[in-house]
Amino acid sequence: MTDFKPRFVKPADTNSYLDKSESYAIETSDFIYNKHISQSIQTQRQRLPIFNNRNHILYLLEKHQTLILVGETGCGKSTQIPQYMIEAEWPGQIGVCEPRRVAAISLANRVADEMGCLVQQDAVGYAVRFDACHNKPKIKYMTEGILLREMMADPLLKNYSAIMMDEVHERSLYTDILMGLMKKILRKRKELRLIVASATLDAKELKDFFNNNQTNEKKKDTAVIMSVEGRQYPVDIFYVAEPVPCYIQASVDAVLKIHSSKQPGDVLVFLTGQEEVERAVRLLNEHAHLLEEAQKKEKLLVLPMYGSLPYHDQMKVFKPAPNGCRKVVVATNVAETSVTISGIVHVIDCGFVKMKWYNTETHTDSLVTLPISKSSADQRAGRAGRVRSGKVYRLYTEEFAAKLALSTPPEMVRSNLTFPVLQIKALGINNILKFNFPSPPPVQNLKSALEILYALDAIDIQGELTAPMGFHMAEFALDPLYSKVLLASGDFDCSEEILTIISMLQVETVFTKPSTGASIIKAKIQKRLFEVEEGDLITYLNVFNGFVQSEMSQGYCHKNFLNYKSLKRVVEIRNRLEKMLKNYDVPIVSSIRSTEAIRKCLVKGLFPNAAYLHHSGVYKTIRGDIELYVHPDSVIYTIPQPQWVIFCEVVHTTKLFMRDLTVIDNEWLLELAPHFYYKTTFHE
DNA sequence: GAGCACTGC
């Protein structure tokens, strides 16, 4: 039999690639234990690595418009720099953008603490969706989307004297839009300062992007790079000597090897998806059981961690393991940036990640498993060095590692661009090809976004935003197909119902799925009670109405296997959207007669996503003749297949699956989207 | 019979 057990080797020169010093409590995104809690705030602040650079940073900000700040996690950049600027009596507001809500909120709280003031009331505030400060704090933490929205009202961001963009290396859609716009604003407002905080590797490109040395007389650089040390313990890196045939098995073996070597410390395993995580957990539990019986060893506590894991189960990974027990967390990429688990000393990295890619030919998103980038590998490794020196076991060879791309492709080059293009146009950039994309997306993607926006009547033939439709659509933080449906709902006398449906589509499923016991069947039966043959969207409408009729009771949710928290969020989102519709004078009315008006209204925006049942028994898109399958979660899956459907999204995993389906009449496509569908299409 | 991770009103 082949020996599947990975044999790890240590590369020649790396003792540690992370610098040696103490860990510190602050990190942007999360809550972790502050071991210096007993020290005074001032002492704590001065212990931060960035403190030594305080004056230099202030000096560079005086001399340069853009400061590219390269700093590892925990150096304190996102909490300290705004405070240094305040202490130096910097005028105006300082805005700090974070990719995640929790980061914006927790940073604001932390800084308010340090400044001895109240968050949202004094000098420090935050603004995230549903929760914004109404005063003008000196330091304002916010999500990237909020700043973009502020730009729509105030294109030169006149309230701000400085903007700091954090975690830029993650390169979200918003990061790239903001960077393109900031470049433009910086040219117009010479006194404005921009701090771009990023992990290593991409600093030079960022500097080149923002450098504006051609326009000033002395050809002086307007952008400058500075690095700040992080606070990490050293992490030893090990690679496998030979490629492993199966990284799930290899990760299990690696955990058991660490465990039997009796080195202390918890283990974090990176795999790519839920299925892999569950399989590894199962295998580990089987082995752990055998081990315990064979030898009276320290126990293994094996825990899964992934995004769709119920909240209660997610919380388990944050609890310290009981005495005499080693915690092993098997996680997807959530553990790379979004959550920090304390006590990790060993990291096992499979070297792969699942990523969404937009396919221009099929107009679909594919979820593909790809090798991670070098910066991602470093990020994962860094998770081992937070409490003491750690070890990372990479389940790939050193040669494989050498070939990894430097950084992950930005979301902008691998996304459906209808939403970003609409946003950029709403910010006054008509010629999208002239927009300063930090990484230009494929022209085909841009083209197909423009086609859809034109078909939705958001832009005219010249590519200019239509008034009022295009402008109104851009105000919604929604897929333009959905904002179109919302704005059309008044004409179909069903805005009440459409508001509910679109809001329901904004949350992860509202149905809870028990994983064990008789409740699996019970949950299915309860779900069946909401189901209607018109499809998933009308089913969601029933669920929401039932919830409202129960006076939003938690008991009702429990009885019907519905997620109470999600439904409460739907209520919030719905209220928001309703307010916006009222602003645009869309009448809030209900269609009591039948679901036909609702489904027609859905066609008004979702018409590009139409499919028909081919005589082969498989669905095909009208646009492009792509074969599609009904997702097993859909109510359509269990009933006789209807002839015509529209879908909300396609996921490309093992097959192309349509999700969130609605049964329609093909005549409606001709009636409501004659510019998109010709009669001939239907007669082949 | 299938499920990377975020965010914006």
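A few remarks follow.
- Other-chain or far-sequence residues with amide H under 5 Å of A:Gly390's (modelled H): A:Val235, A:Asp236
- Loop-resident GluC sites (Glu not before Pro) (DSSP state other than H, G, I, E or B) in region A:152-204 with no more than 12 further Cβ atoms inside 10 Å of their Cβ: A:Glu191.
- Site pair A:Asp625 and A:Thr516 shows an inter-label distance of 5.2 nm when each label is modelled 7 Å from Cα along Cα→Cβ.
- Surface exposure of chain A, expressed per residue as accessible area with a 1.4 Å probe, stands at 45 Å².
- Label zone at A:Lys220, where the point sits 7 Å out along the Cα-to-Cβ direction: region A:170-211 residues whose backbone N lies under 14 Å: A:190-191
- Taking each DSSP H run with n ≥ 4 as -39500 (n - 2.57) and averaging over every residue of chain A yields -11000 deg cm²/dmol at 222 nm.
- Shape analysis of chain A yields a ratio of the Cα radius of gyration to the Kirkwood radius, Rg/Rh, of 0.97.
- Taking each residue as 0.36 nm, the span from A:Val9 to A:Asn436 lengthens on full extension beyond its C-alpha to C-alpha distance by 149.3 nm.
- Cβ-derived FRET efficiency at R0 25 Å, A:Lys158 paired with A:Asn55, nearest 0.05: 0.30
- Counting 0.36 nm for each residue step from A:Asn545 to A:Ile639 and taking away their Cα separation leaves a gain of 31.5 nm.
- Modelled this way, with points 7 Å down the Cα-to-C-beta line, the labels at A:Val651 and A:Val532 are 2.5 nm from one another.
- Difference of contour (0.36 nm per residue) and Cα-Cα distance, A:Tyr584 to A:Leu290: 99.3 nm
- Scanning residues 5 or more positions from A:Gln232 or on other chains, those with amide H under 5 Å from its amide H are A:Asp19, A:Ser21, with H placed 1.01 Å from N in the peptide plane.
- In chain A, the portion of solvent-accessible area held by carbon and sulfur atoms comes to 53 percent [1.4 Å probe, whole percent, DNA, RNA and ligands not counted].
- Temperature 10 °C, viscosity 1.306 mPa s: under these conditions the Stokes-Einstein estimate for region A:476-668, based on its Kirkwood radius over C-alpha pairs, is 92 µm² per second.
- Loop-located trypsin sites (Lys or Arg not before Pro) in region A:556-623 whose Cβ has at most 12 other Cβ within 10 Å (DSSP): A:Arg593
- Virtual spin-label span in nm between A:Lys257 and A:Lys204, 7 Å along Cα→Cβ: 3.5 nm
- Under 5 Å from the amide H of A:Asn212 lie the amide H atoms of A:Thr222, A:Ala223, each residue being 5 or more positions distant or on a separate chain, with H modelled from the backbone and absent for Pro and chain starts.
- Scalar couplings 3J(HN,Hα) for region A:553-567, obtained by applying the Karplus form with A = 6.51, B = -1.76, C = 1.60 to θ = phi - 60°, are 8, 5, x, 4, 4, 4, 5, 9, 6, 10, 8, 4, 4, 4, 5 Hz; x denotes Gly and Pro.
The values are calculated or read from the model by the stated rules, or taken from the named source; none is laboratory data. Quantities reported herein were computed from a predicted structural model and do not represent experimental measurements. All Cβ positions, glycine included, derive from the backbone under ideal geometry; neighbour counts span all protein chains shown. Just the protein is used for accessible areas: all its heavy atoms, side chains included, with ligands, DNA and RNA removed. Shrake-Rupley method; radii C 1.70, N 1.55, O 1.52, S 1.80 Å.
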